[in-house]
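The values are calculated or read from the model by the stated rules, or taken from the named source; none is laboratory data. As the structure is a prediction and not an experimental result, all values here were calculated from the model. Cβ coordinates were reconstructed from backbone atoms using ideal geometry, including for glycine residues, and neighbour counts include every protein chain displayed.
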Amino acid sequence: MNNSTDDNIPAINKELYPALVQCFVIITFGYIAGQLSILTQSHSTGLSRYISNFALPALIFKNLVTIHFGSVSWPFLASIFIGKSIIFFLTALITSFIQRPINYANIGLYSIITSQSNDFALGYPIVEAVYQHSHPDYLRYIYLIAPISLVILNPLGFLLIETQSRLNDKRLGYGHVTGEYSSSRLRLISKIICNLLKNPMVVATILGCIFNPIFKQTLPYMLLRIITPLADSFGATALFYLGLQLVGKIRKLHSYVIFTVMILSMIKSLILPLLIRQIVFMLKPKDDTNSTLEYSNYGFLYGTFPVAPTVIFYVPEQNIFLQSVASTCLVVSTLLAAPIMLISAKMIALKTIDNKTSASYENTLCQASFDVSIISLLCTIIVFIGFILRRRWKKNSLIHRYTLILLILQLMLALWNIPSQYMKIHTIAWQNILHGIGSVFLALATRTWSASIAFILMTRVCYGVQKTRQLFWLYHLFGWSLPIISIILVSVKSVQKQTSLVIEKFGKIQVILSIIVLLISILLSIYCLVRLARRTYRLKHDENHRRSSHSDTTLTNESRPLIDTDDNSSRQNDELNKAATFSTSIITWYIDIFVDTKWSHSKYLVCLSILIWSFFDHSHTGIYYELQFVDAVLLYGQGFITFLVFALDVDVLLPIARSLGTGLSYVGYRGLQEFLNANKQTKNRRHETMDDDTLTNFEQNIKPNFLDSINEPDSFRMQPF
């Protein structure tokens, strides 16, 4: 078995790299053609119609006719369907909870993005490269999986998008003119079904299933000669068209678009592969354990496929925001797909790993953790110095005081992991036990304090500064108690395994406690984010109502100002004049919170998957070590992410740059100091020349309560909802 596995790895390497290079080179050609205007928008539209009306239907029909349905593993197809359905409805549920007001078009499109994959253009060449020698029958599943999204899930998304379009038109009064939008929901559903049945890909799917028994899984010669050239033209044409679609998609992105794309990419790239893999193990397509493992790895690889380019066409033309989200998600997902699919495909080849190979991978993982810890340590030191110079734990923000605690924990985690490269793991000594306990404590503490910061932020926005300060004991109780209790329970047992993997040092007791801590942290973070999103929407709604009442020269009790001061009007004018000055701080503050929280969720999900795997399955395959590697990078690389987050905050890093510029000026290099001075003068001139319309626009888009959340005046009072 091991020999066959070893022989299969060079074969996969020989096929995989050319397949990836072929796909992305053709995509690059399409991108260059669009960027240089060799092909115009009308050409792109014609190419799209050829692909969707001729090439892809011919490809689907040809392969469905020749499939032997008797040898198909229906439990595996059921696993894919269940996994995609869970992701579809989970995305819809999260969007409906977080977003206010509820927008059915956003719910429908987000659900389609996270559940629909680029199966044929990018997915099929990768599956062919990995499985054409070992499991050639796996290739046919691509044509059976595609209708799941096309026929079952996508129509639900179309229904939501069309519902929102009708609501918007009705709100504008168009529905009263033609009477079209007064029709029943049944008519709307029937319209969507009729449009679905007119889709050439759906027609090809139905005809392929009908003619499969009629032709006895063999196409007639004349029909084969006609369909084959059309089907063969799909691959290169679709990839070239994908490159065309990437042109000009990322321009003038709003921060909220970036956050949305991050969340959707996390669901598509992390949750879907892991979910499909676990469902395959639950349904067990084959009684043979090895076959079930093969199907689970195949399901994991399928989940890593990027978003399909067709999602762009599902967006209503007048919805600019959704167009930005769909196009940006297409670009990000496609670019991230290459390394993810490459690593997954290579690790899938490692069906079984002997002790020698396992030790080699553990050493490689330990070395990677060491390298990431060095980078993380340097990054946390830079951010820590910025916090010290600006004294953020004393004045600017209450939230930054607790962020400093998380920063110190990240610094200690990186510092604590560095000596592990030089420790001997094959002897059970008190030093090894102490190092393991410290590693587990710091890993759990960074995760609990990430959830605590989300709770602090929710309390700050929903209840105000005074309530946030009164509950300081609760933040520390949650942030410290769970890791301490876990360490006390774990320390009762000595090191059970001679391994460099921290996650396995203390056996099942450590795995169980880690799962509990992660689940509590995930649930708390999600709850706080939902509360925060809803409260933010209510603040915006109340502020708009207050402004409309103020325009009528009267402020009633129903539209009280969000900021209660003795001289509210002068305060508003002062905010308006300072809007440009505080703009960077506000946006950065918002980015810091959301990016850090979403990154924490990514760490939680990957680590939770590994823990569940370790608890129920003791076999270590290539995918297991791939997840271990991702978890190690996410865990020990927290400092690097924190640096990227606060690198946007000039308030933190600017003092360091100024000190560095002053120091370099003493040795004769004045370039950095001159650059900082010129940048400061340009910024001041821009603020002085900014017209009233720009300031008013900024004041309307950036809520005054976020201005106050930076400096936290005691007069900032909010009521819970």
Notebook entry, point to check: Among the helices (runs of 4 or more DSSP H) confined wholly to region 98-176, which include 1 or more residues that are farther than 18 Å from Gly83 by Cα and out of contact with any Cys (no Cβ under 7 Å at 6 or more places or on another chain)?
Noted result: 104-115, 124-131, 154-172
Check: Of all residues in region 617-644, how many are of a type in the set (Val, Ile, Thr), more than 15 Å from Met412 (Cα to Cα) and modelled with pLDDT of 70 or more?
Finding: 3
Note to self: Condition first: under 18 Å from Ser269 (Cα atoms) and of a type in the set (Ser, Thr, Tyr). Now tell me which residues in region 89-135 satisfy that.
What the structure shows: Thr91, Thr95, Tyr110, Ser111, Thr114, Ser115, Ser117, Tyr124
Next item on the list: May I ask you to say which residue of Val315, Val307 is touching a helix residue (DSSP H, G or I) at 6+ places or on another chain (Cβ under 9 Å), among the hydrophobic types (A, V, I, L, M, F, W, C) and at pLDDT below 85?
Entry: Val315
Item checked: Residue list for region 118-139, filter: surrounded by fewer than 18 Cβ atoms within 10 Å (Cβ to Cβ) and not polar (S, T, N, Q) -> Glu128, His133, His135, Pro136, Asp137, Leu139
Margin query: With the structure loaded, tell me whether Phe281 is aromatic (Phe, Trp, Tyr), buried (at least 22 other Cβ atoms within 10 Å of the Cβ), at pLDDT below 90 and closer than 18 Å to Trp74 by Cα or whether it fails that test.
Written below: no
Check: Among the candidates Ser549, Ser500, which residue alone is at pLDDT below 85, more than 29 Å from Thr95 (Cα to Cα), part of a helix (DSSP H, G or I) and not β-branched (Val, Ile, Thr)?
Finding: Ser549
Note to self: Please go through region 186-223 and give me each residue that is over 35 Å from the mean Cα position of the chain (by Cα) and either buried (at least 17 other Cβ atoms within 10 Å of the Cβ) or in contact (Cβ under 8 Å) with a residue 24 or more places away in the chain (or both), ordered by number.
What the structure shows: Leu207, Gly208, Cys209, Phe211, Asn212, Phe215, Gln217, Thr218, Leu219
Next item on the list: Kindly list, by first and then second residue, each pair from a residue in region 524-536 that is without any contact (Cβ under 8 Å) to a residue 60 or more places away in the chain to a residue that is assigned to a helix (DSSP H, G or I) and surrounded by 18 or more Cβ atoms within 10 Å (Cβ to Cβ), limited to pairs with Cβ atoms under 6 Å and residues at least 6 apart or on different chains.
Entry: none
Notebook entry, point to check: So is Tyr302 farther than 25 Å from Gly243 by Cβ, modelled with pLDDT of 85 or more and in a helix (DSSP H, G or I) or not?
Noted result: no
Margin query: Quick check on Phe76: is it of a type in the set (A, V, I, L, M, F, W, C), touching a Gly at 6+ places or on another chain (Cβ under 6 Å), closer than 30 Å to Leu223 by Cβ and part of a helix (DSSP H, G or I)?
Written below: no
Next item on the list: Identify the residue in region 454-493 that is farther than 20 Å from Leu523 by Cβ, surrounded by 14 or more Cβ atoms within 10 Å (Cβ to Cβ) and of a type in the set (S, T, N, Q) and, among all such residues, is modelled with the lowest pLDDT.
Entry: Ser491
